[in-house]
1. So which residues in region 121-157 are assigned by TED's automatic domain parsing to the domain that holds V231 and in contact with a His (Cβ under 9 Å, 6 or more places away or on another chain), if there are any at all?
2. Filtering region 125-174 down to residues that are surrounded by fewer than 14 Cβ atoms within 10 Å (Cβ to Cβ) and of a type in the set (S, T, N, Q), which residue is modelled with the lowest pLDDT?
3. Can you find even one residue in region 183-203 that is touching a residue at least 60 places away in the same chain (Cβ under 8 Å), surrounded by 13 or more Cβ atoms within 10 Å (Cβ to Cβ) and not assigned by TED's automatic domain parsing to the domain that holds H16?
4. List pairs: first in region 205-220 and of a type in the set (A, V, I, L, M, F, W, C), second surrounded by 11 or more Cβ atoms within 10 Å (Cβ to Cβ) and part of a loop (DSSP other than H, G, I, E, B), Cβ under 9 Å, 6+ apart or cross-chain?
5. Pick from P147, P140, P154, P166: which is within 23 Å of the chain's Cα centre (by Cα) and closer than 30 Å to C180 by Cβ?
6. Right, N245: exposed (fewer than 12 other Cβ atoms within 10 Å of the Cβ) and farther than 27 Å from E128 by Cβ or not?
7. Restricted to region 1-36, and to residues that are without any contact (Cβ under 8 Å) to a residue 40 or more places away in the chain and within 22 Å of G83 (Cβ to Cβ), which residue is surrounded by the most Cβ atoms within 10 Å (Cβ to Cβ)?
8. Output the residues belonging to region 17-39 that are at pLDDT below 95 and assigned to a helix (DSSP H, G or I).
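The values are calculated or read from the model by the stated rules, or taken from the named source; none is laboratory data. Everything quoted here is computed from the prediction, not taken from an experiment. No Cβ is skipped: glycine too gets one built from the backbone with ideal geometry, and neighbour counts run over all protein chains shown.
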Amino acid sequence: LDPPSSAYAAELIAFHSAVTYAINNPPSTPVHFYTDSLSLLSALSSVMSFNPTIISIKKDLYRLSALAPFLLFHIRGHSGIYGNELADQAAGSAGQYGRVHSSALSRRCVRSRLHCSSLLSWSTFWRENNSGTELFNWIPDTLNIPPIRLSRNPLITLLTGHGRFPFYFKKIGLSPFSTCSCGMPCEDIRHYFRGCSITAPLVSRLKSLCSSEITPHIYPSLLRDPAACAVLLQMVHLISSTIPNYSR
């Protein structure tokens, strides 16, 4: 089978081939079909199966019923039954020397491919259109988002730079200045990691956790460390407590 195909698709094609052989070579005795695939037998017994191969098998079984009686049997896989082991050997040989078959992709495979395609498109769009944002420094790859819940989490204000920060209040017109409570200019989040006396103790704790200076290069690794996230959350609350309330 083509690489995207599944083991289930192989079972369907093999079973369909057996039914086709029985139709083309009508026997004089009842035909017995043996399979170790319960999924196949369940699909054949269901009226709700819309798999095109299953529908074709049902039609061919109906044709076969006019030529000879038949029965379907389930056998346990890898149970030492000679016929089943022989079929496995034939399948292995067909995988090396047989004719390549194509089969329709399963619904699960289609969903998986669409999901992967959407993630890749999102990742490309994110890199091409958001590399200049504060959040991009923390999450540069949408395929590797840290396992933290950001919904209604104060930490999101630090990651986006949209929160109770002097530079943000100046940006939205609530304050004419972007001076930190420590007295130093505060143009972006980096100030709190490299020049703020208020957050210096927390930055020291972060440095001890990651054993390096706190630069945008290591922001993503901080988000993957629960202990570092706890310190970052403390930093958000500390910064917020030092900033006065503004109103338009």
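1. P154, I156
2. Looking at residues that are surrounded by fewer than 14 Cβ atoms within 10 Å (Cβ to Cβ) and of a type in the set (S, T, N, Q), I get S151.
3. No, because not a single residue in region 183-203 is touching a residue at least 60 places away in the same chain (Cβ under 8 Å), surrounded by 13 or more Cβ atoms within 10 Å (Cβ to Cβ) and not assigned by TED's automatic domain parsing to the domain that holds H16.
4. L206/I214; L209/D225; C210/D225; I214/R190; I218/S212
5. Going through P147, P140, P154, P166 in turn, just one is within 23 Å of the chain's Cα centre (by Cα) and closer than 30 Å to C180 by Cβ: P140.
6. yes
7. Taking the candidates together, the pick is E11.
8. Within region 17-39, S17, A18, L38, S39 meet the criteria.
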